[in-house]
Structure formats: C-alpha cells, structure tokens
Amino acid sequence: MKAAIGTLRSSHLPGYLGLDPLSDSVEQGIFNNKITQVRIIAEPVEPLAVCRLLLKMGLELLAYNSDEAHLPRYDAARKFARSPHPNSRWWFLIACDFVSLFLRFKNGVSPSEWESGISLSIEDVGEGNVFHLKLLEMSLFVPLEQQIDAATNLRDFAPEWQVYEVVAGRSPGHPQQ
C-alpha cells in the first residue's frame, strides 16, 4: 500500500509491517527514531456502495425481527438502498477505537472474540431508527429514516468518528460535502 513515507508491505511477521522508504531522509528518520509511527487512515473507496449495503442490512434485520420494515416511514431508505435517484442523499457514520482495534489485530483475535465482537442491532435514537453494525472496536451506523440528520457535532470527533454524506450519481472519487 502506498503511503506518504513509502510503500507498506506485509512482513509476514505478526505485528510488523515492512516499509520501502520513499527517500533516504525517510529511511534516516526511521533509523534515528524521528519517525516512530505510521498512521493508516482507512476510508471506504465507494461510500455509496457501503451506505446502500448498510441500509439493506438494516432493513433486512428490521424485517427479520418485526413487521415494521414495510411501513411507509422506511420507504426512502428502501428506495435509496435499491436504486437511488441521482443527487439523492443519505449518510452513514463509522466510529472506531483505532488503538484498541490495532492491538487486537496485533495480538490476534480468537474465534470467540470474533463471535462476541460482531453484532447487528436497530437502535431507537428518538428521531427514529438507526441500524448499528458492530465489528470489534468499529461501529457503523446508518439511519433507516430520512428525517434523521447527521449531528453537526459528530464531525468534531474525527478521526475516531467519520460522517460520510453520500450523494447518488457521483463518481466514488468525488469529495463528499
């Protein structure tokens, strides 16, 4: 994977990454302990596809647990999940404790930790229902009702909390607003 300081590679040793430094100054910075961390910011390459998948998962969970999934209040979510109109909008949020997640992967994750660390739920947030997918120390949330707006102050928690505002009909590389 290309990074600002060079190319990261698998070292085939648990807990270690390989690095092909971009320059001699980067290599010297590492040897002299001036560069001691590499931060990898993982972002969805296709936020529209992620949003639609989360909506489909949430609607399916809602249908599995109750008869509510067919109520008109979920019409907009169904429409966006199946075939969004150009310029229609939705949002989702990714919240992650990166340090804990990295330590888990570095130290290994047992099958029972995988089982207990993954959950699906529908949360009532007062304004309506939100789908919550928990993957170890990472949580993904998507509103199942259109009137639920992404709280502006959620953006203050970056990079641990990332709000993705998705606009249908735009190319994946287009900056989100």
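Residue-wise test of (1) open to solvent by 80 Å² or more (accessible area, probe 1.4 Å); (2) at pLDDT 95 or above.
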{"residue": "90", "(1), (2)": "no, yes"}
{"residue": "99", "(1), (2)": "yes, no"}
{"residue": "144", "(1), (2)": "no, yes"}
{"residue": "154", "(1), (2)": "no, no"}
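Look at the range 66-92: where a residue is touching a residue at least 24 places away in the same chain (Cβ under 8 Å) and a partner is among the basic types (Lys, Arg) and surrounded by 11 or more Cβ atoms within 10 Å (Cβ to Cβ), sitting 6+ places away or on another chain with Cβ atoms under 6 Å, you get 81/52; 81/56. The set of residues in the range 75-88 being surrounded by fewer than 21 Cβ atoms within 10 Å (Cβ to Cβ) and closer than 18 Å to residue 61 by Cα consists of 75, 76, 78, 79, 82. Scanning the range 35-51 for residues that are modelled with pLDDT of 90 or more and open to solvent by 60 Å² or more (accessible area, probe 1.4 Å) yields a single hit, 46.
Among the residues of the range 15-25, is there at least one that is exposed (fewer than 13 other Cβ atoms within 10 Å of the Cβ), touching a helix residue (DSSP H, G or I) at 6+ places or on another chain (Cβ under 8 Å) and over 30 Å from residue 130 (Cβ atoms)? Yes: one or more hits. Can you say whether residue 4 is under 20 Å from residue 83 (Cβ atoms) and open to solvent by less than 100 Å² (accessible area, probe 1.4 Å), as far as the supplied structure shows? Criteria not met by residue 4.
Contact map, the range 114-136: residues that are modelled with pLDDT under 90 paired with residues that are in a loop (DSSP other than H, G, I, E, B) and aliphatic (A, V, I, L, M), Cβ distance under 6 Å, separation 6+ or inter-chain. Pairs shown: 117/136; 127/148.
Applying a threshold of 9 Å to beta carbon distances and a minimum spacing of six or more residues, or different chains, the list of pairs starting in the range 23-39 at a residue that is among the basic types (Lys, Arg) and ending at one that is loosely packed, with under 13 Cβ neighbours inside 10 Å reads 34/28; 39/159. Of the helices (runs of 4 or more DSSP H) lying entirely inside the range 41-130, those carrying at least 3 residues that are of a type in the set (D, E, K, R) and under 19 Å from residue 143 (Cα atoms) are 47-65, 75-82.
The values are calculated or read from the model by the stated rules, or taken from the named source; none is laboratory data. Since we're looking at a predicted model, the values are computed, not measured. Every residue, glycine among them, receives a Cβ derived from its backbone with ideal geometry; neighbour counts consider all protein chains shown. Protein only, heavy atoms only, side chains kept; ligands, DNA and RNA dropped before computing areas. Shrake-Rupley method; radii C 1.70, N 1.55, O 1.52, S 1.80 Å.
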